[in-house]
1. Looking at region 352-393, which of its residues are part of a loop (DSSP other than H, G, I, E, B), closer than 30 Å to L30 by Cβ and not small (G, A, S)?
2. What are the pairs with Cβ atoms under 7 angstrom where one residue, in region 314-338, is modelled with pLDDT of 95 or more and in a helix (DSSP H, G or I) and the other, located anywhere, is away from the ligand (no atom under 11 Å from the Cβ) and of a type in the set (K, R)? Sequence gap at least six, or different chains.
3. Of the conditions (1) surrounded by fewer than 20 Cβ atoms within 10 Å (Cβ to Cβ); (2) under 21 Å from H136 (Cα atoms), A48 clears all except one; give me its number.
4. Pick out the one residue from I253, I224 that is more than 16 Å from the chain's Cα centre (by Cα) and either in contact (Cβ under 8 Å) with a residue 24 or more places away in the chain or within 15 Å of the ligand (Cβ to nearest atom) (or both).
5. For V280, state whether it is within 12 Å of the ligand (Cβ to nearest atom) and assigned to a loop (DSSP other than H, G, I, E, B).
6. Those residues that are touching a strand residue (DSSP E or B) at 6+ places or on another chain (Cβ under 8 Å) and surrounded by fewer than 17 Cβ atoms within 10 Å (Cβ to Cβ), I need them from region 207-253; list them, please.
7. So which residues in region 182-207 are within 15 Å of the ligand (Cβ to nearest atom) and either under 18 Å from R390 (Cβ atoms) or part of a loop (DSSP other than H, G, I, E, B) (or both), if there are any at all?
8. If I filter region 326-346 down to residues being away from the ligand (no atom under 16 Å from the Cβ) and surrounded by fewer than 23 Cβ atoms within 10 Å (Cβ to Cβ), which single residue comes out as farthest from V236 (Cα to Cα)?
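The values are calculated or read from the model by the stated rules, or taken from the named source; none is laboratory data. Fair warning: this is a prediction, and the values are worked out from it, not measured in the lab. Cβ placement follows ideal geometry from the backbone for every residue including glycine, while neighbour counts extend to all protein chains displayed.
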Amino acid sequence: MKILVINCGSSSLKYQLFDMDTENVLAKGLVERIGIEGSQMKHVKTGAEPYTVVTPIKDHKVAMNLVLEALLDKDHGVVKSLDEISAAGHRIVSGGDYFKKSVIVTDEVMDAIKKCIPLAPLHNPGHIMGIEAIQHALPKMPNVVVFDTAFHQTMPDYAYMYGVPYEFYEKNRIRRYGAHGTSHHFVSLRAAEFLGKSSKGLKMVTCHLGNGSSISAVKYGKCIDTSMGLTPLAGVLMGTRTGDMDPAIVPFIQKVTNYTADEMNDFMNKKSGLLGVSGVSSDLRDVEEAADKGNERAKLAINILEYGIAKYIGAYTVAMGGLDVIVFTAGIGENSATTRAGVCKQLEFMGVKIDPEKNNIRGKEAIVSADDSKVTVVVIPTNEELMIARDTKRLTA
Ligand code: AMP
């Protein structure tokens with residue numbers, strides 16, 4: 001069974017074709033700058049050289065046709081007929097509180113995804129275009145949608161509600177939705193499997209630390225709290241996002257800068273975080289390098305990040321009434337041994353003990369805590385695409 005996983009943005013289309021008998025990726029690629037000058041498709045058949053097509057791509061339908069042609073191509077392709085592709089699975093950033101799990105696409109499902117556009121204005125319109133494009137090209141093939149928000153739908157109301165007047169929840173759906181749910185779900189299941197246990201018996205904190213970062217409390221396999229909120233701006237310090245701050249800072253900065261609401265949003269999402277504090281870069285590798293050379297603001301940015309992550313782990317230990325496993329994943333979590341060590345050092349009083357030698361790894365599954373640590377600390381590379389492919393198979397096989 002072959003499943004095509006699609007992640008569409010407003011001007012991009014990422015894809016991976018999985019052979020679900022082996023869970024191997026047969027081919028993957030990226031169409032960029034859809035509808036903009038300089039559009040191109042980069043396609044890679046596993047084990048072969050990349051194949052690039054530079055051509056005007058006016059919309060997602062043209063992009064999807066290019067992808068399907070590449071998958072069929074006699075030199076670069078991996079299927080003889082498009083009938084070999086059983087279904088497509090689509091990543092959807094926001095399903096609001098309409099979707100608690102992945103579902104097969106119907107007209108009603110499309111309407112609900114459209115209703116969630118105000119919650120993900122930069123993402124959901126692109127996802128919709130991607131679904132419509134493949135429905136147009138392959139009208140008989142089933143499509144499944146997998147939501148970044150779905151895994152967090154098990155949070156209790158006191159964790160997802162904010163202290164604003166209740167009518168803003170009723171009328172405007174203001175509440176915590178969280179993000180990266182597919183990643184938190186995948187790593188929580190995989191970490192348990194890797195440790196030879198069931199996630200239903202574990203209290204875990206999963207730390208997805210990348211350009212965007214979020215932390216979740218996963219108690220007995222269910223998410224009970226997560227650090228991102230109505231939008232992905234909340235939580236720990238990120239590459240260019242502020243993370244949590246006193247909400248009164250917003251009107252304060254608007255008054256001193258005359259920023260409009262949109263400009264303020266841009267400032268908090270794109271100019272803050274590691275970049276804004278360090279003045280060096282949004283990329284932790286650059287910030288770590290500057291800190292090593294003695295840059296005080298770079299050191300401060302790293303300290304804010306590690307302290308913030310440790311505080312969330314402490315808070316979620318309270319939320320779960322204990323802690324068995326800490327999972328690190330995504331660009332920073334998988335690769336930065338110093339971040340993992342810096343966070344865990346602050347949790348030593350809880351019996352968290354890192355083994356520096358075991359922690360000296362990058363991008364692979366490993367236990368990085370000491371044998372006598374009360375809490376097991378693991379690195380689990382995330383694989384959101386595989387999670388989407390598995391859900392798609394489960395719902396369509
Ligand atoms: P992601 O959004 O998951 O792709 O993660 C991207 C982030 O991972 C980048 O901002 C980098 O700062 C970070 N990253 C990747 N590799 C390393 C590394 N070797 N050391 C520290 N940070 C890293």
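1. Of all residues in region 352-393, those part of a loop (DSSP other than H, G, I, E, B) come to 352-353, 355-365, 368, 370-375, 380-383.
Checking the rest, the ones that are also closer than 30 Å to L30 by Cβ come to 361-365, 380-383.
Across region 352-393, the qualifying residues are I361, R362, K364, E365, I380, P381, T382, N383.
2. What qualifies is M320/K203; M320/K219.
3. Result: A48 fails condition (2) only.
4. On the way: I253 fails: either in contact (Cβ under 8 Å) with a residue 24 or more places away in the chain or within 15 Å of the ligand (Cβ to nearest atom) (or both).
Exactly one residue qualifies, and that residue is I224.
5. Values: within 12 Å of the ligand (Cβ to nearest atom): yes; assigned to a loop (DSSP other than H, G, I, E, B): yes.
So V280 passes the test.
6. Passing the criteria: only Y220.
7. Narrowing region 182-207 to residues within 15 Å of the ligand (Cβ to nearest atom): 182-184, 186-187, 206-207.
Within region 182-207, T182, S183, H184, F186, V187, T206 qualify.
8. K345
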